[in-house]
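Shown next, in structure tokens, is the structure this report addresses.
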Amino acid sequence: MKNKSVHPPKWANRLLEWYCKPELFEDLQGDLYEYFERNLEAKGSRRARFNYVMDVLKFFKPYTVRKLEILGQLTQFIMFKNYFKTSIRSIGRNKLFSAINVFGLAISMSVCLLMITMFSEVKNYDRFHADHDRIHRVTNAQKYLNNEPNLFASTSILAGRRLKEEVPGLEAATIITRSFSADAKIGDNTFPFNAPWADNDFFKVFSFNLLRGDATAALSEPYSVILTDETAEKFFPGQDPMDQTILMNEQSYRVTGVVEKPPFNSHFKFSALISFSTYEQQQKQTEEDWWLNWHNMWSNYAYFKLDKNTTIDQVQARLTSIADDENSRQGQTKIFLSTQALTNIMSGPDLSNQLGESIGNEALWILGVLAFIVILSAGFNYTNLSIARSLRRAKEVGVRKVVGASKKQVFTQFTIEACIISVCSLILAYLLFFLLKPLFLNLSPEMQRSLKLEHEPIMLLYFLLFAIVVGISAGFIPSLFLSRLRAIQVLKDASTTRLFSKINLRKVLIVVQFTLSLAFIISASIANRQFKYALNFDLGFDTENVLNISLAGNDPYLTKAVFEQIPEITDISMSSHVLSTGNRYANQAKSEDGLDSATVYLSQIDHKYIPLMGHELLAGTNFVAKDRVEKEETVIVNETILNKFKLGTPEEAIGKVLKFGPTNSLIVQGVVKNFHYATLDSEIESFAFRHQPQNAQMLNLKIMSENIIDTRRKIEEAWLEFDEVHEFRGSFYDDRIEAAYSEFEVMFTVVGFLAFITITISALGLLGMGVYTAETRLKEISIRKVLGASEGSLIRLLSRGFMWLLLIASLIAIPSTYYLFDSVLLSDQAHRADIGVMELILGVMVIFVIGFTTIGSQTWKAAKSNPAQTLRSE
Amino acid sequence: MKGTNLGEFEEVVLLTIAALMEDAYSVSICDEIERVTERKVKLSVVHAVLNRLDKKGFVKSHLGDPTSTRGGRRKRFFTVTHAGKVALTKVKQQRDQFWSVIPEFNLKFI
């Protein structure tokens, strides 16, 4: 035959093999081949190939197509019992290895269960609102010249109004402003009262359950209040709260509705709402229009609900043009508007000035990745140990294959074994989950406010699914490996370890595991260092022995008088808020000629504050000692503001004028040395102390005492005598700062804990590998010993390989972790601790010590064994 | 299973198998029918009929020895079973019955 080299198309053959019944396949293919050969001679190769393909397609008929392999699946099913039994036996036989696997997987799984619960909880946030997918809010990006913009969840009332008036295609939009705070007087009782203002469209956007009152009108009239059922019960126990009067700030408010307490999974929680028209009326009375300023964007929120036919892009386009319009009238600081979906608030980007809680996607990502790394590590353990043990199982596989098991069946068997292990781990993990949950929630108060970590029964199914996925992925490589073994090879010389010698995968996995462990240790120590650094940072003023007390609406002078009775208190000053703990307040300020303007952060203080806090005055003097300031005349500024308004040196700046708002032209009386009024992640910007003791919210008590705790108790008692309504809220400055940096502490705790887990898991894995090596090389060791090897040299021989792996792991981990922290995680911190060599070396030391102890102990045991014992059985 | 009646083409195939004796496999059956009846026969059709006959129990098949032709694939040889023979005979008898009652039959009518 000519054209011997021409064959039918391969893919057609494969297609035939795929669909054709096995019993028909061979002769059918033969027939087609015979025709192909005929056509080849008669019509040439192209035509022959074409005909062959056509024939293959033509034979796709009911009687040739293989039936669904119900029978085959049935055998699989029947074999399940056998797989299960052998798996249990094998697990029981290798108690140490099974224990390592189950334990490691259980620990890491419990972390993952925590994460799964957390993710699903966060994802369910705010989904109780009807049409929650159509609700969005306006967010602001404030940008000074070409600096990086600052992102805010809040916006201006002006933006909210223009949204309501000018943007088409909205079903409803509502403006919310926080936060009204007063003492509510009901009859003879007084209650502390905090509520946001919300306008009349509030219930058109949100689906909070209004129990009493008219949803369309309850918030329309000025001085209307809606209480939650909880608050109503507190204020009016046993009475009908509707149309009752509440006296606040000499104004009487009428209760126009009762709303069900917002559910836990609402990002926005409130105990009452006040009509926005109240706020409007009050602001109009002041005859200032700052409240409608484009830059007054610190405490207002605009939520809107789209029409069914409107897309968010259309709204965004309108918002952009509104922002452009407003910005064209602004100076160097511009504000851009964008939107955020309601369901994205809890897990969205980190924005400042949140209305309620937000975990932020950054934190979620970090936690998710960490959990993944931990489970990965445990999965590696399983893979590693299973491959190592597969030498023992090779014979079993051989016999199974001889008896007739297919590759697929062997694969299924070992996958099932892995799943059994992982499901066992799940049970243990579930118990650990309940131990872990309170620990996790107690990490920070925010966590407790925003997460419950309770799960519905359906979650158990997810957990099981998760366990099975883990089992399948961890068991994948060993199962694949074992199912590929050839029966003849395995049975002929099962003793040979050659089969496994080529597997470098194990080494790779160990290196990865220890790289991760190392990275964790180093990260934990860096986080700890940054935390300590922030606490001990020289803020530029003295915080020692200063107790800050919240006035809770009391008159500052009266309160001050009370505390002056206590001899241990050496000095008392007043201020509007506690600096350097995260809270910031700002005004727009202008130069005297009105050309330069800038955002100036400020604190309102009395004349005692600056000496009490130990601020250093570079030039000028402190405020004059006055108890009451009727007319504000002077201001004390920091160094940065001098550059911004080009006021020259501190000495030159004295006597110059800065304008705050339209009415206040203030003379610079003093210049303080730059200090950190915000947290360390931001740079020092313009700052001013304003002389407004009447606006004080805080008292700062300087305490000189042998027994601080006793003094604090005395202060608290004095407070309780003085004010029976409000609880005592005072804390030492240092503690407040510590709380402000608690994120580092949380990070340290979390990462430290995970580091501990990964190290434990890795060490367990290493132990398993050590045991395995020592076992398989026992004979070799004995012979070496008989020939005169010392115990030390044997240990060196056995540990050398592992030590190399650890070394490689450290070489990878150190630079990459350093890079991660240096250029990614800490890069947005304006002030940070250097990453010390000590942290890096310490991590490596820990790993090496742990690694050496685990491996060393096993090799030591092997090296110590009596050669006569081990060789005798040969 | 459908009834044990023989269709026209089934009968032809069955007869061909019987005629080819030891050498009846799909391709040779195809060729033989083409030669005798002078009509074009598709392999896929013959194959389907063979399958149907097999199900009805009129033929049985066995795989032959592998040869160097056909890409080394074995042939499936068919033989007529007893039931097949019975069915064929029955068809022939029925036809003969009809023939026997036709008095004069002349080709000239055609």
Can you pull out the buried accessible area for chains A and B, both sides counted, probe 1.4 Å, rounded to the nearest 100 Å²? 1800 Å²
With a cut-off of 8 Å between alpha carbons and a minimum separation of six or more residues, what is the relative contact order of the range A:289-390 in percent? 17 percent
Measuring from label point to label point, each 7 Å out along Cα→Cβ, what is the A:S338 to A:L15 span in nm? 5.0 nm
Out of the range A:75-164, which trypsin sites (Lys or Arg not before Pro) are coil in DSSP terms and have no more than 16 other C-beta atoms within 10 Å? A:R127
Would you tell me the accessible area of A:F270, worked out with a 1.4 angstrom probe on the heavy atoms of the protein chains, in Å² to the nearest 10? 20 Å²
Fully extended, how many nm does the chain gain between A:V786 and A:V399 (0.36 nm per residue separation, minus their Cα-Cα distance)? 135.7 nm
14 Å cut-off, amide nitrogen to a point 7 angstrom out along A:L617 Cα→Cβ, residues in the range A:625-664: A:625-626, A:634-638, A:651, A:654-655
Sequence gap at least 6, Cα distance under 8 Å: using those rules, report the relative contact order of the range B:8-109 to the nearest whole percent. 27 percent
Counting other Cβ atoms within 10 Å, keep those with at most 12, restrict to DSSP loop, and tell me which GluC sites (Glu not before Pro) in the range A:618-648 are left. A:E630
Based on Cα positions only, what radius of gyration and what Dmax would you give for the range A:10-58, in angstroms? 10.6, 31
Kindly identify the range A:2-142 as rounded, prolate or oblate by the Cα gyration tensor criterion: order the square roots of the eigenvalues as a ≥ b ≥ c, call it rounded if a/c is under 1.5, otherwise compare a/b with b/c, prolate if a/b is larger, else oblate. oblate
Simple spin-label estimate for A:I472/A:F119, 7 Å along Cα→Cβ, in nm, reads 1.6 nm
So what is the relative contact order for the range A:137-344, in percent, with contacts set as C-alpha pairs under 8 Å and at least six apart? 34 percent
Nearest 5 is fine: what % of DSSP beta bridges in the protein assembly as shown come out antiparallel, could you say? 85 percent
Listed residues A:G836, A:S90, B:F9: farthest to the positive end of the dipole of the protein assembly as shown (Cβ charges): B:F9
At a probe radius of 1.4 Å, what is the per-residue accessible area of A:W804, in Å² to the nearest 10? 150 Å²
Once the Cβ-Cβ distance between A:E148 and A:K81 is put in as r, and R0 is 51 Å, what FRET efficiency do you end up with, to the nearest 0.05? 0.20
Given labels modelled 7 Å from the Cα in the Cβ direction, how far is it in nm from A:Q283 to A:M838? 5.3 nm
Report, as an integer, the average count of C-beta atoms from other chains found within 10 Å of each Cβ along B:51-64. 1
Per 0.36 nm of contour for each residue apart, how much would the distance between A:K631 and A:V657 grow if the chain were fully extended, relative to their Cα-Cα spacing? 7.8 nm
Angle between chain B longest axis and helix B:26-37 axis [Cα atoms, degrees, rounded to 10]: 30 degrees
Using only atoms on other chains, find how many Cβ atoms lie within 10 Å of each Cβ of peptide A:19-31 and report the average. 5
So if each residue of separation counts as 0.36 nm, and I subtract the Cα-Cα distance between A:N327 and A:E362, what length gain in nm does that give? 9.6 nm
If I fit a long axis through the Cα atoms of helix B:8-20 and take the longest principal axis of the Cα atoms of chain B, what angle between them do I get, 0 to 90°, rounded to 10? 60 degrees
A correct Stokes-Einstein calculation for the range A:546-734, using the alpha-carbon Kirkwood radius, 20 °C and 1.002 mPa s, returns a whole-number D in µm² s⁻¹ of 123 µm²/s
Using the heavy atoms of the protein chains alone and a 1.4 angstrom probe, what is the accessible area of the range A:546-734 per residue in square angstrom? 44 Å²
Hey, any idea what % of the range A:10-58's accessible area is carbon plus sulfur with a 1.4 Å probe? 55 percent
Within 10 Å of each Cβ of B:65-74, how many other protein chain Cβ atoms are there on average? 5
Rounded to the nearest whole number, the Stokes-Einstein translational diffusion coefficient of the protein assembly as shown at 10 °C and 1.306 mPa s (Kirkwood radius, C-alpha pairs) in µm²/s is 43 µm²/s
Cβ-derived FRET efficiency at R0 56 Å, A:L480 paired with A:A586, nearest 0.05: 0.35
Once whole DSSP H runs in chain A are found, which of them have Cα atoms spread over 30 Å or more along the helix axis and a mean Kyte-Doolittle score of at least 0.5? A:95-123, A:361-403, A:407-441, A:457-483, A:505-536, A:742-776, A:791-819, A:837-864
Test of understanding: express the Cα radius of gyration of the range A:137-344 as a ratio to 2.2 N^0.38 Å, with N the residue count. 1.08
With 15 Å as the cut-off, how large is the P(r) tail for the range A:316-406, expressed as percent of Cα-Cα pairs? 77 percent
Kirkwood hydrodynamic radius of the range B:8-109 from all distinct Cα pairs, in Å? 15.1 Å
Measuring from centroid to centroid over Cα atoms, what is the spacing of the range A:195-210 and the range A:265-282 in Å? 8 Å
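The values are calculated or read from the model by the stated rules, or taken from the named source; none is laboratory data. These numbers come from a predicted model, not from an experiment. All Cβ positions, even for glycine, are placed from backbone atoms using ideal geometry, and neighbour counts span all protein chains on display. Side chains are part of the model used for accessible areas, which takes the heavy atoms of the whole protein and leaves out ligands, DNA and RNA. Shrake-Rupley method; radii C 1.70, N 1.55, O 1.52, S 1.80 Å.
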